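Asks: One structure, pasted below without further comment.
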Amino acid sequence: MVARAAMAMGIGVGAWLVLRQLFSCAEPKRVEPKPQRIVVIGDSLGLGLAPALAKISSIEVVGIAESGTRIRQWAQRVDSIQELCDVPSLVLISLGTNDAVMGRDQIAAEAGDVQALAEALCRFSDPVWLLPPPHLEVKHLVEATGLIVDNAPDCCTLYGSQPDIELGPDRIHPTGRGYAQWADHVWKFLGGDRG
């Protein structure tokens with residue numbers, strides 16, 4: 001796949017540009033009937049995205065993201081996610097950044113967890129994996145994104161067309177304005193009207 005080839009050649013920015021181009025045209029899948037709830041799971045990026053998304057969404061947004069969490073931890077929590085999907089739901093997954101921070105060995109060890117998490121979510125929701133924004137200053141981010149792209153099953157929509165959003169001083173977490181920019185972009189991708 002493109003991500004593997006880019007990693008093998010050591011191309012960072014170029015790989016991101018290819019990934020952004022690939023996924024910017026992807027159409028989101030729809031849950032039938034229309035989703036009544038968006039559930040945001042993941043790390044601190046998801047924690048900040050959920051309230052920003054709730055401000056513009058015309059449907060309920062429930063954020064259960066937790067700072068510092070990784071893919072493996074959420075793969076073990078599928079039952080708690082399913083409890084929130086008692087109505088037709090779309091699950092947004094914001095994971096991969098903390099896995100990148102843990103390094104290449106940890107990333108490689110979690111390949112099966114990507115597939116297990118996404119396949120489990122596909123049984124009761126319409127999952128959309130928000131790939132880590134490419135402009136974050138995190139070592140091994142390309143490898144972590146490649147792990148997700150290469151291992152997510154077809155039932156999971158991959159969203160990689162991240163806008164340039166305003167980042168805070170740590171160059172990882174968006175500012176309040178940055179989260180609002182990201183939420184607006186995600187909501188438009190999902191085909192939503194402002195609530």
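The values are calculated or read from the model by the stated rules, or taken from the named source; none is laboratory data. Everything quoted here is computed from the prediction, not taken from an experiment. Positions of Cβ are generated from backbone atoms using ideal geometry, with glycine treated the same way; all protein chains shown enter the neighbour counts.
Asks: Pairs, please: C-beta under 8 Å, at least 6 apart or cross-chain, first residue within 20 Å of residue 121 (Cα to Cα) and in the stretch 85-105, second charged (D, E, K, R) and modelled with pLDDT under 90?
Replies: Within 8 Å, the pairs are 88/32; 88/34; 89/126; 90/126; 91/126; 99/110.
Asks: In the stretch 52-70, how many residues are without any contact (Cβ under 8 Å) to a residue 60 or more places away in the chain and more than 23 Å from residue 104 (Cα to Cα)?
Replies: Matching residues across the stretch 52-70 total 7.
Asks: Quick test of your reading of the structure: residue 7 fulfils all but one of (1) closer than 17 Å to residue 96 by Cα; (2) modelled with pLDDT of 95 or more. Name the failing condition by number.
Replies: It is condition (2) that residue 7 fails.
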